[in-house]
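Where a number appears in this text, it was derived from the coordinates with a stated rule and is not lab data. On a predicted model such as this, the values are computed, not experimentally measured, just so you know. All Cβ positions, even for glycine, are placed from backbone atoms using ideal geometry, and neighbour counts span all protein chains on display.
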Amino acid sequence: MRSRIVLLPGDGIGPEVTAAAQAALAAVARRFDHQFTFDTHLIGGAALRRDLPPLPSDTMAACAAADAILLGAVGAPEFDSRPPAQRPESALLQLRQRLGLYANLRPAKVWPGLEAAGPLKPEVLGRTDMLVVRELTGGLYYGEPRGMADDGGSAWNTMRYSREEIARIARVAFTAARARQSRVTSVDKMNVLETSRLWRTVVGEVAAEFPDVKVEHMLVDSCAMRITLAPASFDVIVTENMFGDILSDEAGAVVGSLGLLPSASLGDGPGLFEPVHGSAPDIAGRDIANPIGAVLSAAMLLRYALKLEQEALVMESAVARVTVSGELTRDLGGPASCSTMARAIVSQIEP
Ligand code: IPM
Ligand code: MG
């Protein structure tokens, strides 16, 4: 198979973990005789530093024409004083919106050998295996009006959802649940927000199309608590953009490290695959970042964008063999560097 993959290493630890994921994809290509072409483009702070906009037009064009996009991370503290539209993060938000990538899948599970890596007692963590389905192109991130008064005395954002936006992400979640344990927890704040009342109503309507899937509704504060108290009780969580951003970081911490979490953003355009962890400027350039989130994102790229399920499974079992081996990065309590862990994963993929 021939596929064009656009790489967007971006900022902070983005380039290190993207290199690891690229090496894993190249190993899969060798083993299964595929031809992947990698085309690297600037995004975020890396573009801003060259006096380009956060999402340069040739980057956007390359992404729109790709079979799949693999992103490292965007964000750098040097741009913190800038307004939202001139920050590195705005590139990612524009990319998601312009490619119509409304469905963000963030699986969080306990990997073999990592049962004690996180903050929870292994008996509380159990066999936690959840999928956070985050709505990605609506809500507070995009709602208008938004702004800040010229005198800096007040600022505002808008949370807005249409029935269609809620229904389509709910369908993604219910469909995903069918391939898992057929349970969906829909998370909202319906005791306070109108958008959440609509959310609960529409998810209830979509649930009726999936009579074989069990649905429960949970308030976001209560869900945040349950993720720490009983993480193994969840199967699929579906929620709006901002709640999903917050709960997915929590899910990552609970299963051992945010560095383990991959994501797939799917919708109308080519899929975008990125680790959940972000640019982590405090550890950038030191070769100590955990490459697993990026490698597992590459596995999701194989599965969802290229429909190469067997190849995705090979990449995931390579990761599992490395997590049991103890060849772990610091966030998981081990001595390995980003590049030694990446090499260990690659050597498990190669026949
Ligand atoms: C994420 C990140 C992004 C988000 C940032 C970098 C804009 O935190 O993908 O979770 O908030 O969506
Ligand atoms: Mg986030």
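List of remarks:
- Listed by Cβ neighbour count within 10 Å, with the fewest neighbours leading, MET315, MET148, MET218 appear as MET148, MET218, MET315.
- Each DSSP beta bridge with both residues in the chain is either parallel or antiparallel, and the antiparallel ones are about 35%.
- Length released on extending from GLN35 to GLU350, taking residue separation times 0.36 nm less the Cα-Cα span: 111.8 nm
- Restraint check, LYS121/LYS189; LYS121/LYS307; LYS109/LYS307, Cα-Cα greater than 27 Å: LYS121/LYS189; LYS121/LYS307
- Rough spin-label spacing in nm, given labels placed 7 Å along Cα→Cβ, for SER317 and SER57: 4.8
- Cα-based equivalent ellipsoid of the range 188-340: semi-axis lengths in Å, sorted from largest, via gyration tensor: 31, 20, 15
- Net charge, GLU240 excluded, C-beta distance under 10 Å - Lys, Arg +1, Asp, Glu -1: -2
- Shape box of the range 306-351 [Cα atoms, principal axes, largest first, Å]: 34, 17, 17
- Per-selection metrics, the chain (Cα): Rg and Dmax in Å: 19.6, 63
- Shown in residue order for the range 25-34 are the 3J(HN,Hα) couplings computed by the Karplus curve 6.51 cos²θ - 1.76 cosθ + 1.60 at θ = phi - 60°: 5, 5, 5, 5, 4, 5, 5, 9, 6, 9 Hz (x for Gly and Pro).
- For the range 118-255, the fraction of alpha-carbon pairs lying more than 18 Å apart is 56 percent, rounded to a whole number.
- Rounded to the nearest 500, the helix-only mean residue ellipticity at 222 nm of the chain stands at -12000 deg cm²/dmol, with each DSSP H run of n ≥ 4 adding -39,500 (n - 2.57).
- The distance linking the range 94-141 with the range 15-56 is 22 Å (Cα centroid to Cα centroid, whole angstrom).
- Considering only Cα atoms, the convex hull volume of the range 226-313 works out to 134 Å³ per residue.
- Global geometry of the range 189-254, whether rounded, prolate or oblate, following the gyration tensor of its Cα atoms and the 1.5 cut on a/c: oblate
- Considered as an equivalent ellipsoid built on the Cα gyration tensor, the range 41-144 has semi-axes of 32, 17, 15 Å, the largest given first.
- Footprinting exposure proxy for PHE32, PHE79, PHE273 (fewest neighbouring C-beta atoms within 10 Å first): PHE32, PHE79, PHE273
- Computed from backbone phi with θ = phi - 60° and the Karplus coefficients 6.51, -1.76 and 1.60, the 3J(HN,Hα) list for the range 264-269 is 10, 10, 10, x, 7, x Hz; x is used for glycine and proline.
- The range 194-225 versus the range 280-351: alpha-carbon centroid distance in Å: 34
- Likely footprinting exposure, GLU164, GLU205, GLU240, GLU250, fewest C-beta neighbours within 10 Å first: GLU164, GLU205, GLU250, GLU240
- At q = 0.14, 0.18 Å⁻¹, base-10 log of I(q)/I(0) for the range 20-64 (Debye sum, equal scatterers on each alpha carbon): -0.47, -0.65
- Over the range 25-100, the reciprocal of the mean inverse Cα-Cα separation, the Kirkwood hydrodynamic radius, stands at 13.6 Å.
- Contact order relative to length of the chain, as percent, for alpha carbon pairs under 8 angstrom and 6 or more apart: 24
- Using R0 = 25 Å, the C-beta based FRET efficiency linking GLN310 and ARG180 works out to 0.85.
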